[in-house]
Amino acid sequence: MASRYCARILGARKTLAPHTTQEERYCAERCVISFAHARSGFRRNTAVPRLRYNQVAMNLKWQSGVAALAAATLLCGCARTQTAHADSGLAAETSRAQTAQGESVIQFVKNPGAAPGFQLNDLDGKPLSLGAAKGKIVLLNFWATWCGPCRAEIPDLVDLQKRYADKLEIIALATDEDDADEVRRFVLESGINYRVAMISEEVRRDYGGIAALPTSFVIDAQGRIVQKHVGLNDPTIYELEVRAMLGEPIDAKVEYFEDNGQIFLKNAERATELPGVDFSKLDAKQKSAALRRMNAESCNCGCKLTLAQCRINDSACRVSLALTAKVISQIAHPGATKALAKPAASEQQR
């Protein structure tokens, strides 16, 4: 799949061609660093400004391994937020899963919640709201003109909108963009046939911050979020999801999962497991106590989330990983914690 998109973005070659922009090259280098998280969006520990690039990254020797770099770029997605968290994309990964027999599997939330409503104006100045699309399936796509993976999926989204015009509405919200005119020119040049608007901070907050691009929410005809995809998605998955919701035959198995924070972070309190957190040393009662603390205590990485939410939102966050490990240790060995606290208290009294 990656080579297909490499060819689409970079010309007929499946490598980073000479005319590749500096931004695409830099994003490729960053994605390789975070390649372990490729399927769930681009995660990193530093901000990546759109027009400022480290000279070292710009002068990398691309003669070796360029195809892998291009593939990593396209699979990862892009990000520019100041904090290090990005959506976990667990649901997006499982929707790409296959059974042992090779059958495709798509997944929907078992008890979906309502998608946050919004009132915006599209690039033509016309009112754009989620409520107006009720009765149709909606693909809410957060993207940017500077994001290579976002551009890669545009032709497939255009085709999908064309073939399901009466039953599907794709809404694209330009994210981390400063110039609406620049976005408008890009939309015209790209032949985008679905509605596009500039994101507002309120919408971004309501949809979990949108730390990685592209991020797409699949919304059913009743206005409920049934799936979320972070990073470059296989276009056949979107079509399978649309056809399944329309009740049309599909060559795939449909499964359902509980939203434990994969869609809405507020549901992290339902989770019985957290990415990277080892509960094996705790009994059932201790595990419940640890989860309560992780849902009550805040992470201090700057994300303004609870420890549980941060682990789900960004499994690469070292701060929340260390803090959750500390909680586990304190609950597993309460005596050791009290013993350490007593000398400290005695020292203060002196």
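The values are calculated or read from the model by the stated rules, or taken from the named source; none is laboratory data. Note that the coordinates shown come from a computational prediction; the quantities given were computed from them, not determined experimentally. Virtual Cβ from ideal backbone geometry, glycine too; neighbours counted across all protein chains shown.
Worth pointing out:
- Condition check for K228: more than 25 Å from T175 (Cα to Cα), touching a strand residue (DSSP E or B) at 6+ places or on another chain (Cβ under 6 Å) and not in a helix (DSSP H, G or I): no
- Which listed residue is at pLDDT 95 or above, β-branched (V, I, T) and buried (at least 16 other Cβ atoms within 10 Å of the Cβ), from V319, V254: V319
- Complete set of residues in segment 245-257 that are closer than 23 Å to P116 by Cα and more than 18 Å from the chain's Cα centre (by Cα): M245, L246, Y256
- Residue count for segment 228-257 under the criterion of being among the acidic types (D, E) and either over 27 Å from A211 (Cβ atoms) or touching a His at 6+ places or on another chain (Cβ under 7 Å) (or both): the result is 2.
- Of all residues in segment 135-156, exactly one satisfies the criterion of being among the charged types (D, E, K, R) and either over 20 Å from L240 (Cα atoms) or in contact with a Ser or Thr (Cβ under 7 Å, 6 or more places away or on another chain) (or both), namely R151.
- One residue from I154, I106 being at pLDDT 95 or above, within 25 Å of V254 (Cβ to Cβ) and of a type in the set (V, I, T): I106
- Residue selected from segment 209-234 under the condition of a type in the set (G, A, S) and within 15 Å of D176 (Cβ to Cβ), by the criterion farthest from the chain's Cα centre (by Cα): G209
- Applying the condition of being in a strand (DSSP E or B) and of a type outside the set (V, I, T) to segment 185-216 and asking which residue is surrounded by the most Cβ atoms within 10 Å (Cβ to Cβ) yields L213.
- Qualifying residue in segment 172-179 (condition: in contact (Cβ under 8 Å) with a residue 60 or more places away in the chain and under 15 Å from L139 (Cβ atoms)): no
- Only one of the listed residues (S315, S329, S288, S280) is hydroxyl-bearing (S, T, Y), assigned to a loop (DSSP other than H, G, I, E, B) and free of Cβ contacts under 8 Å to residues at least 12 places away in the same chain. That residue is S280.
- Residue check: E177 meets all listed conditions (1) farther than 17 Å from N121 by Cβ; (2) assigned to a loop (DSSP other than H, G, I, E, B) but one, namely (1).
- Residue that is nearest to G117 (Cα to Cα) [pool: residues in segment 178-202 that are under 21 Å from the mean Cα position of the chain (by Cα) and of a type in the set (G, A, S)]: S200
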